Amino acid sequence: MSITVSDVSRRFGSTTALHPLSLEIKKGEMVGLLGPSGSGKTTLLRIIAGLEAPDSGSIHFGDRDVTRVHVRKRRVGFVFQHYALFRHMSVFENVAFGLRARPAGERPSNADIRDRVQHLLERVRLDELSKRLPAQLSGGQQQRVALARALAVEPEVLLLDEPFGALDARVRLELRRWLRHLHEEFGFTSVFVTHDQEEALELSDRVVVMSNGRIEQIDTPQALYRAPANRFVFSFLGETNRFGGDHQNGRLQQGEAWIAMARSDIAPNEVLLRPHELMLTTAPDERAHLPVRVDAVSPVGSDVRVELTADWMDTPWLASITHHDFDRLQPQRGDRFYVVPSRWHQFAPEMA
Amino acid sequence: MSARTARVLPGFSLSLGVTLLFVSLILLLPMTSLIGQLSTLSWSQYWAAITDPRLIASYKVTLLAALAASLFNALFGLLMAWVLARYTFPGKRILDALMDLPFALPTAVAGITLATLYSRNGAMGSLLEPLGIEVAYTWLGIALAMAFTSVPFVVRTVQPVLEDLPGQADEAALTLGASNLYAFRRVILPHIWPAVVTGTGLSFARSLGEFGAVIFIAGNMPYRTEVVSLMMATRLEEYDYAGAAAIASLVMLVSLLLLLAINLWQGRFYRRLHGGRH
C-alpha cells in the first residue's frame, strides 16, 4: 500500500508543528522520518495513522482517500514509543486484542485466533512467554510484543514511533535487523520516526530529514550522506567540526589559523568538516595552518577519536584517525599538532 | 533502631513513634472507651440491644440507602473523574474544586438545603411530585443525602488513576480496530476498576455512618425512615450509653471488615499488575 501525503499542515495553538508538506511513499518501502525533537516528525506519523487530524491537505493509502477515515478503519499497525501494552493482559491476550476486537461477523473463531497468535509469537520468539504479563518482560521483549500485536491485524502499513529509543545499544541493534527481516517477509509499507541518524541510515530505503515542521531532504541513505542538501542535513547526519573566519588574501582566516581557499560569491564565511576528513601533522603546509592541542584520546573502535582544542575554535573539534596514524604520531593529551583537512563542505547561508 | 538493622532513610523511630501516638489518641482511645462501655452489658443484653425490631428496620433502611447511594456514586463519580481527567475545557479548575464541596460543607447545611429543595413545595420536590416521586422524608431522600456527602470519595480515588493511565493505551486499542465501548471495557475499565471499587467502598462505609445530612431529609419515622446513626443518637439522648455503644460497635465492625476486605483485594490486584507472580 503506497502512502501519499499532500500539502499536509498542522498547528497546535500558536505553534506550527507542520508547514504544508508533501511526501510520496512507495508500496513496500521502509522510510525513516529523521529529525531533532520538535521537528514535527511524530506529528506527521500520527497524522498518517489517523491519531491526529491535519489542518489542511490529504492522506491517500493507494487510491483511497483516508484523510477523514477514523484510525480504527485505516488498518494501520502502530507501535508506540513506550509500547503502550495493555498491562493487565497476558502477552497472548495483548497480541490477540486486535482480532478479538473485531465485530462479531468478522471475528475469527477462538481456535483461529489461538493459531494466529501462536504463530506470531513464534515469529517474534516469545511463544514461551505467552502467559506472562508485560511487567514481567524486558524492554526488548515488550517491544516485540508491541510489534506482534500491531502485526496481528495484518496491516498493510506499519508505523513506528521511536521504536528502539528506550532500549540499550545491543538490543537495539538486534531488533533493528529483525525488524528489517520482518519487513521483507511481510511486505508491508513501513514508516518509522527516529532522532538517531545511524538508525535511520541503516534501516531505511529512504530517509526524510525534518526540522522545524519542514522536510529538509528526502533521499536514500547513501545520497543523503554524500550530498546533503543544506547545512542542517549535513550537521544532523554526523559529527561536525566548524571553522568560521574572514576572507583575506585567498585565505579564510580566524586569528592565527587559516585555510587556503579562493573567495567565491556564494561561499559563506564558514566551512564544515567531518572528523575523518581531518589529518594530524607535525607541521602546517600551504593548504592550511590550524594549530591544535590534544585534549582527549579514545582508542576504542575502528578509529581513534581525538578531541582537539585551540583558542581560535568556538567549540572543540573531533578528529578520527586510523590506528595506523595513531601508532605513528602517538598523540597524548597536551601534545601540539597541526590539522590539515583532506576536504571540507560549504553551504549557502540559510534563509531564515 | 539498633546498628544491626540500621536503615538508610532517616527518622524511622521518630516518625513511627509520633504516628503511633496520634493513632492511639485519635483512634484507639475513643474505641477503647467504647468497648469499655460494652463491658457493662452481658451477652444477652448486648444481643437484645442490637436486635431491637425498630433497630433492625433501621439497618435495612440504612443498608438499602447506602447501597443505592454508593452505586449511584460509582457511576456518577466515574463520569466526573473521567471528565476531569480526560478533557480540558473552560472552568475545569472550578469544577474540580467544586468536587470537594461536600467534604467542606457542614453536613447539616447540606441536609437542610436538600430537605428544603426536595420537600413537597421545594424547587425540585414540586417538579417531581406530579411524577409521583417523593424524595424528602423517604429512603430516596436518605440515599440522596448519603450520595451527596460521599461522592468525592469516588471522584478523588478514580481521577488520579485515570490521569496515570497512559493515553497511548486507548490509542493503541483504537489503532487495533476496537470500538470506543470495547476499548473502554477491555483497556480502561480493568485499569481503573480497583480505584472504582475502593472509592465505592469508601463511599458506602461513609454513608453507613452519615448523620448530619440525613436526619434533616429523612423525616425519621420509626420503622420507615430512621437510620442507624440516628438510633445511636436516640439511645444517647435516653442516657442509654451502653445501648448506643452496642450499636456503634456493630457499625464499626461492619465498616472495618469492609475496608479491610477492599485493602486486601486491592493489594492483590496491584501486585498482579506490577509484575508479581500470581
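Taking 0.36 nm per residue of separation and subtracting the Cα-Cα distance, full extension of the segment from A:ASP335 to A:GLU154 would add 59.1 nm. Judged by the ratio a/c of the largest to the smallest principal axis of the C-alpha gyration tensor, the stretch B:159-278 counts as prolate, that ratio being 1.5 or greater while a/b is larger than b/c. Sequence-distant contacts, meaning Cα pairs under 8 Å at least 6 residues apart, place the relative contact order of the stretch A:109-171 at 33 percent.
Simple spin-label estimate for A:GLU256 and B:SER42 gives 11.1 nm between the two label positions (7 Å along the Cα-to-Cβ direction from each Cα). When the inverse distances between all different Cα atoms of the protein assembly as shown are averaged and flipped, the Kirkwood radius reads 31.0 angstrom. One quarter of the convex hull surface built on the alpha carbon atoms of chain B amounts to 21.8 nm², the projected area averaged over directions. When the charge dipole of the protein assembly as shown is built from unit charges on Cβ atoms (+1 for Lys and Arg, -1 for Asp and Glu) and taken about the Cα centre, the candidate among B:SER39, B:MET124, B:LEU21 whose Cα reaches farthest toward its positive end is B:SER39.
Positive end of the dipole of the stretch B:32-130 (Cβ unit charges, origin at the Cα centre): among B:VAL83, B:LEU101, B:LEU63, the Cα lying farthest that way belongs to B:VAL83.
Projecting label points 7 angstrom from Cα along Cα→Cβ for A:SER22 and A:THR315 puts them 3.5 nm apart. Across the stretch A:31-178, C-alpha contacts under 8 Å between residues 6 or more apart give a mean separation that, scaled by the residue count, equals a relative contact order of 30 percent. What residues from the stretch B:70-90 fall in the zone where the backbone N is under 14 Å from a label point 7 Å along the Cα-to-C-beta line of B:LEU131? In the stretch B:70-90, the label zone of B:LEU131 (backbone N under 14 Å from the point 7 Å along Cα→Cβ) covers no residue. Once you reduce the stretch A:286-352 and the stretch A:212-258 to the center of their Cα atoms, the two points are 16 Å from each other. Arranged from fewest to most other beta-carbon atoms within 10 Å of their beta carbon, B:THR113, B:THR19, A:THR194 become B:THR19, B:THR113, A:THR194. Each stretch of four or more DSSP H residues adds -39500 (n - 2.57); spread over every residue of the protein assembly as shown, this sum gives -14500 deg cm²/dmol at 222 nm. Kirkwood-type hydrodynamic radius, the stretch B:166-216: 13.2 Å, calculated from all non-identical alpha-carbon pairs. With each label modelled as a point 7 angstrom along the Cα→C-beta vector, the B:SER24-A:GLU202 pair spans 6.4 nm. Among beta bridges from DSSP that stay inside chain A, the antiparallel ones total about 75%. The base-10 log of I(q)/I(0) for the stretch A:183-277, evaluated at q = 0.13, 0.18, 0.21, 0.25 Å⁻¹, reads -0.59, -0.89, -1.06, -1.27 [Debye formula, identical scatterers on Cα atoms, solvent excluded].
Using Cβ counts within 10 Å as a stand-in for footprinting exposure, how do B:SER255, B:SER207 rank, fewest first?
On the way: B:SER255 17, B:SER207 28.
Placing the least packed residue first, the sequence is B:SER255, B:SER207.
If only the Cβ of Lys and Arg carry +1 and only the Cβ of Asp and Glu carry -1, the dipole of the stretch A:1-160 around its Cα centre is close to 380 debye. Placing unit charges on the Cβ atoms only, positive for Lys and Arg and negative for Asp and Glu, gives chain A a dipole magnitude near 1360 debye about its Cα centre. Antiparallel DSSP bridges in the protein assembly as shown: what percent, to the nearest 5? About 75 percent, rounded to the nearest 5.
The orientation-averaged shadow of the Cα convex hull for the stretch A:1-145, equal to a quarter of the hull surface, comes to 10.7 nm².
Counting Lys and Arg as +1 and Asp and Glu as -1, each charge on the Cβ, what is the dipole of the stretch B:75-145 about the Cα centre in debye, to the nearest 20? Walk me through the intermediate numbers first.
On the way: 4 positive and 4 negative charges, 47 e Å.
My answer is approximately 220 debye.
Other residues whose C-beta falls under 10 angstrom from the C-beta of A:PRO20 contribute a net charge of 0, scoring Lys and Arg +1 and Asp and Glu -1. With 0.36 nm allotted per residue and the present C-alpha distance subtracted, the A:ASN110-A:ALA348 stretch has 79.5 nm of extension available.
When both the stretch B:28-77 and the stretch B:131-200 are represented by their alpha-carbon centers, they are found 28 Å apart. Note: relative contact order over chain A, using C-alpha pairs below 8 Å and six or more positions apart, is 16 percent.
Every number in this text was worked out from the coordinates using simple rules, so none of it is lab data. In this text, all values refer to a predicted model and were calculated from it rather than measured experimentally. Ideal geometry is used to build each Cβ from the backbone, glycine not excepted, and the neighbour counts take in all protein chains shown.
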